[in-house]
Amino acid sequence: MFDINDSVAFYGKMIQDYDDLVANLDSRQAINCAISAYHLAEWIWGDWLQTDYDTWRKLKIRDKASFLNWVHSAQPWFTVVQDITNGSKHFTASRRPTKASGTYVDGYFEPGVQQMVLEVEIDVGTEKKWIEAVIVLEDVVMFWNDFFREYRPHATLRQPAAGFTSMPPS
C-alpha cells in the first residue's frame, strides 16, 4: 500500500499510530492503533511467515489459521484489539463496550484540567471490568516488537518516540 510494502514498514505504521495515541488520547488514534496492531498479523504472514518453515516449527504452526490461533493464545489482549478493529468498521449493537470520558488530573497548576480516558470492557473471570485502552494497545504493540526481535532479528524496527512503559522487576 503506497510506500508500505512489507511487514516491517507496516510495523513502523503501527508504531506511528501508537505514538499518535500516546501524544493525543482520543478515539480516532485508539482505533487507528488497534487496526494496525490487529492487521500486522496478516502482513507478517503474507510478507514472510507463510514460507518461513523454521519459524513454523518454532511456533508449532502449520498454516495461517494456526498462526492466528497462536497469536491469540500468546497475546491475551489480541481478541480485544480484534474486537475494536471489527467494531470500527461495522455498526452493530454487539460491539465490545468502550467509553471515553474526561478525568481530573493531579499536578496541573490550573484547577479543573481534564485528561481524556479511553476504556474498554474486559472479562475477568465471571466479572466485567474496565481497563484503559492505551494499556491494552501498548501491550499488543510490545508483543509485536518482541515477536520481530525473536523471529526476524535482522529487521530494523522503528521504536516509539516515548519508548514503552517499563515494569519494575518482580
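Mind sorting Y18, Y53 by how few other Cβ atoms lie within 10 Å of their own Cβ, fewest first?
Ordered by Cβ neighbours within 10 Å, fewest first: Y53, Y18.
How far apart, in nm, are two points set 7 Å out from the Cα along the Cα-to-Cβ line at D3 and at K89?
Output for this residue pair reads 2.5 nm.
How big is the Rg/Rh ratio for region 11-71, C-alpha atoms only, Rh by Kirkwood, two decimals?
Answer for region 11-71: 1.12.
Cα to Cα, under 15 Å, and not fewer than 8 places away if on the same chain: which aspartates and glutamates meet these conditions relative to K128?
E119
What is the packing order of peptides 135-146, 29-40, 55-66, taking the mean over residues of other C-beta atoms within 10 Å and listing the highest first?
29-40, 135-146, 55-66
So for the pair A162, M142, with labels modelled 7 Å out along Cα→Cβ, what separation do we get in nm?
1.5
All of the numbers you see were taken from the coordinates with simple rules; none came from a lab. Remember, predicted model here, so these are calculated numbers, not experimental data. Quick reminder, even Gly has a Cβ in these numbers, built from the backbone with ideal geometry, and neighbours come from all protein chains shown.
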